[in-house]
Every structure is written in C-alpha cells, then in structure tokens.
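Taking it in order: structure first as structure tokens, then the write-up.
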Amino acid sequence: MSEDLWPPHTLDDPEADAPRSAASGSVTAGSVTLIIPTYNESANVGELLRRLRASIPDELPCEVLFVDDSTDDTPAVIEKAAGDCPFPVSVLHRESPDGGLGGAVVEGVKRAGSDWIVVMDADLQHPPHLVPELVGEGERTGADLVVASRYLPGGSRAGLAGSYRVAVSRGATWLAKGLFPRALRGISDPMSGFFAMRRSAVTADALKPLGYKILLELAVRCRPQRRAEVPFVFQDRFAGESKSTAREGLRFLTHLAALRSASPLARMVGFGLIGLTGFVPNLVALWLLTHAGMQYLAAEVLANQAGVLWNFLLIETLLFRDRRRHRHWADRIGRFALLANADLLLRIPLIALFVGRFGLEVLPATALALVTTFVLRFAATEALVYLPRGPRAVPTARS
Ligand code: GDD
Ligand code: MN
C-alpha cells in the first residue's frame, strides 16, 4: 500500500509520548489519539477541527489522526485548518483504501501509542464535546471500552435520515446482538461509530475489519472486559452525503459471518449448513440436464459441479475469507473440487445401487445418496479439523 503521511508524525514514537504523559500532572484521563476516518469530507473537516478545539480541555493530551481515502482535497483542507490547532494533527492518506472505513480505523489504531483511542466520524454527526466525556467515563469506571450510544436514555438517532435507515440500523443491531450475546453484553449500540477504547485492550493484529462496523469488530475480536456507555444524540450531517451504500449492507452480513465463524466449532456448523444449501443447485442442475435428455449418470457428474461451485463460493466468502491469501484462487478451487468430487466416486455407485437394485427414481435416489455421502464427508471433515496441529499462529476470537 502506498501511503502518504504528514506531518512526519510521532504517534508510535514512545519518546514523543513520554513527555506529554509525564507533564500531564493533574490529568487523570491519559493521552488520547483521536482517529477520524475521512472519505471526501473537505466541507466538514474545518468545522470539525474548530469544534474539537473548543471541546478538548488543555489538560487532556490529545492528537488527531485523520486516516484519509479521499479523492478530493480533504487532506489539503485539514493541513490548512491544522495550523490553528493547539494539538498535533496529522493525515495518513491511503492510496489503496483497504477495508474501507474499518480498515482506515485499524491503520490509525496501529499507529496510536496513546493510552486511549477515540474513533469518530468527520461529518459532525458525532458531537465533538463528548470526546473528553467518553475518556473521562472510561477513567472513572475503569472500563476498557466506552461506547457513545443512541439507545440510552438521553440519546437519540435524530440525524439518521429516514425511517428506512432507522429500521435497517435497528435490525442490524438486533442481528448483531443475537449472534454475539456475550461479546456485546452491555453495549446497547454496537453499530455506533463513536467510542473510546484503551489502547492496551486492542490487539491490532487480530483485526480483520470489513466495511463500516469497526466497533463490532473490536468488541468481538478483542473482547474488552469492562464496557461503559454514554448517551449521545446522533446529529444531522454538517455537510455532504453519507458514504454508506446498499453494498455496505452486504459487507455487514459478510462481516458478521466472518466474525461468527472464527471458532473451529462454528466453522464446522457453517460448513455443514453451506453443504446442505448446495443440494439445491445440484438438484436443479440435475433436473435441467436430465430433462435436456442427458443420461442420468453423466448428468450426476455435471450437476455435482454446480453444487461444488456454489459451496466453494459460499465457503470462500463466508467462512474462509481471511485464509485465502496463501493460495491462488485456481489452486483453491482445484483442491476444493477434487475433495468434493471424491465423494462422487462413492455417490455414483450408491445411486446406481438405489436406482438399479431398489428401483428408486433418479431424483430421490440422488437426494438419498447426497445425504449419505454428506454425513460421511462431515465425519471426515471433523476428523481433519480436530487432527492435532501445531500451536495456532493467528489468534481467533474467543467464543
Ligand atoms: N478513510 C475512510 N475510508 N473513511 C471513510 C470511508 C472509507 O472508505 N467511508 C466512509 N468514511 C468516513 C466518512 O468520511 C465519515 O467521516 C465516516 O467514515 C462515516 O461515514 P458516513 O458516510 O458519514 O457514514 P454514516 O453516517 O452513514 O454512518 C455512520 O453512522 C453509523 C450509525 O448509523 C458511521 O459512524 C457508522 O460507523 C455508524 O454505524
Ligand atoms: Mn455520517
């Protein structure tokens, strides 16, 4: 990734942090890195910095790091406005916006050496005056994570445009909380993009963010032990338009699946469920091919490929999204197809047996054979998954 950072920043230089912390004296809040992701926010960043200046007390050691994927002049506008700020302001401009909003935040987290990280949007939907309050609440309660929530008394989602977006946001919250009851206990607004987290509670290497829901990612993968919340009123955008699209919704579902399948047991269940859905394209293709006049055994072989392809695509996007890099996709699909077709060797004689010996119709015989070989394949997968392996290199989410 090619990136561009100005001014030469000092966030992960321990020497640079030490004097500020030492000089903080009466400060109880610790130092703060404010991470602000920006994508074409040139009309907002000036006002944002102005309000931050008014909100951050002198005794709170703070630096602002914009992680920018803009194609407009946002970095230049920030640079100009930064001159008036009493705290350091830097911009990390990314040429390739990996992981979108979430990826940008993680880039910022990796560079932060402060006690606290605060993540907020650049469009003033997150009130800047709450920044000291979030950190203060964390210090007061000993929490590792303090979330600004729209769903607490005193909070509201006033600025969420339209009943459609409100319903989507509410549905997404229920879905996430239903899938992660433990990781999200005590967090009423896991979709919030405004929160403070202790740097010591973040394991940046464990993060594989996808899209908008960075708080969800942090809460599930890092499991901050103590959580607190502060109510906030989600404001109208100061200027410009939301960058969230329908595609973001799809990414959210993929993200949920990736988070949920991080444990081997959950992955196995997911593997089984995906395998089950694969029966549908398999049977549909079989119906099409036999009705087109193909001999049924030849049709079985071809139809199986439809199921294999379907399973491969789902398993790739939902289960092993983060384990794809070490092999080329052609290599992966080749291996996958080889394994998946291996049970055809068993299935075809089984189907021939059901049809020839027991007089079953082709479709029910195939369905029965699919179930039989699926159970066998599942048992084989289980044996392979639980075969003793070396110590795991990559930490996965604890369940
Ligand atoms: N670096 C970077 N890269 N920043 C991005 C990107 C990206 O690809 N996409 C969006 N941003 C920045 C925007 O510039 C803005 O500062 C912030 O991320 C939020 O983007 P919006 O487009 O304003 O999002 P939203 O208002 O629809 O969603 C916000 O509210 C949701 C709750 O309803 C975000 O805070 C979400 O995280 C939050 O879930
Ligand atoms: Mn916004």
- Query: Since MET197 meets every condition but one in (1) more than 17 Å from PRO37 (Cβ to Cβ); (2) away from ligand 2 (no atom under 16 Å from the Cβ), which condition does it not meet?
  - Reply: (1)
- Is there a residue in segment 83-95 that is touching a residue at least 40 places away in the same chain (Cβ under 8 Å), of a type in the set (A, V, I, L, M) and in contact with a Leu (Cβ under 6 Å, 6 or more places away or on another chain)? yes
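Do the conditions hold for GLY249, that is, is it in contact (Cβ under 8 Å) with a residue 60 or more places away in the chain and within 15 Å of ligand 1 (Cβ to nearest atom)? Steps first, please.
Numbers: in contact (Cβ under 8 Å) with a residue 60 or more places away in the chain: yes; within 15 Å of ligand 1 (Cβ to nearest atom): yes.
Yes: the conditions hold for GLY249.
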- Query: GLY154 versus (1) of a type in the set (Gly, Ala, Ser); (2) within 30 Å of SER31 (Cα to Cα); (3) at pLDDT below 95; (4) touching a Gly at 6+ places or on another chain (Cβ under 9 Å): which is the lone unmet condition?
  - Reply: (4)
- Query: Which residue pairs have Cβ atoms under 8 Å apart, sit 6 or more places apart or on different chains, and have a first residue in segment 338-357 that is at pLDDT 90 or above and a second that is not in a helix (DSSP H, G or I)?
  - Reply: PHE354/LEU360; VAL355/GLU361
- Residue, modelled with the lowest pLDDT, within segment 97-107, restricted to residues that are near ligand 1 (Cβ under 9 Å from one of its atoms) and farther than 13 Å from THR71 by Cα: GLY99
- Query: Pairs, please: C-beta under 7 Å, at least 6 apart or cross-chain, first residue part of a loop (DSSP other than H, G, I, E, B) and in segment 306-333, second of a type in the set (S, T, N, Q) and exposed (fewer than 12 other Cβ atoms within 10 Å of the Cβ)?
  - Reply: none
- Query: Within segment 232-246, how many residues are farther than 19 Å from ASN44 by Cβ and either more than 13 Å from ligand 1 (Cβ to nearest atom) or buried (at least 18 other Cβ atoms within 10 Å of the Cβ) (or both)?
  - Reply: 0
- Message: Residues to consider are ARG94, ARG111; find the one that is within 17 Å of THR38 (Cα to Cα), away from ligand 1 (no atom under 13 Å from the Cβ) and of a type in the set (D, E, K, R).
- Response: ARG111
- Task: Kindly check whether there is at least one residue in segment 283-300 that is in contact with a helix residue (DSSP H, G or I) (Cβ under 7 Å, 6 or more places away or on another chain) and part of a loop (DSSP other than H, G, I, E, B).
- Result: no
- Message: I need a count of the residues in segment 350-369 that are loosely packed, with under 13 Cβ neighbours inside 10 Å, on the phi < 0 side of the Ramachandran plot and over 44 Å from the mean Cα position of the chain (by Cα).
- Response: 4
- Can you find even one residue in segment 88-110 that is more than 21 Å from the chain's Cα centre (by Cα), in a loop (DSSP other than H, G, I, E, B) and surrounded by fewer than 20 Cβ atoms within 10 Å (Cβ to Cβ)? yes
- Query: Within the bounds of segment 39-48, is there any residue that is in a helix (DSSP H, G or I), more than 16 Å from ligand 2 (Cβ to nearest atom) and at pLDDT 95 or above?
  - Reply: yes
- Please go through segment 104-117 and pick out each residue that is under 17 Å from PRO224 (Cβ atoms) and either touching a His at 6+ places or on another chain (Cβ under 9 Å) or within 16 Å of ligand 2 (Cβ to nearest atom) (or both). VAL105
- Hey, can you tell me all the residues within segment 33-50 that are within 19 Å of LYS110 (Cα to Cα) and among the hydrophobic types (A, V, I, L, M, F, W, C)? LEU34, ILE35, ILE36
- Query: So which residues in segment 50-81 are in a helix (DSSP H, G or I), away from ligand 1 (no atom under 13 Å from the Cβ) and closer than 21 Å to PRO127 by Cβ, if there are any at all?
  - Reply: ARG50, ARG51, LEU52, ARG53, ALA54, SER55, ALA81
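The values are calculated or read from the model by the stated rules, or taken from the named source; none is laboratory data. Everything numeric here is computed off the predicted structure, so don't read it as measured data. Glycine also receives a Cβ, built like all others from the backbone with ideal geometry; neighbour counts cover every protein chain displayed.
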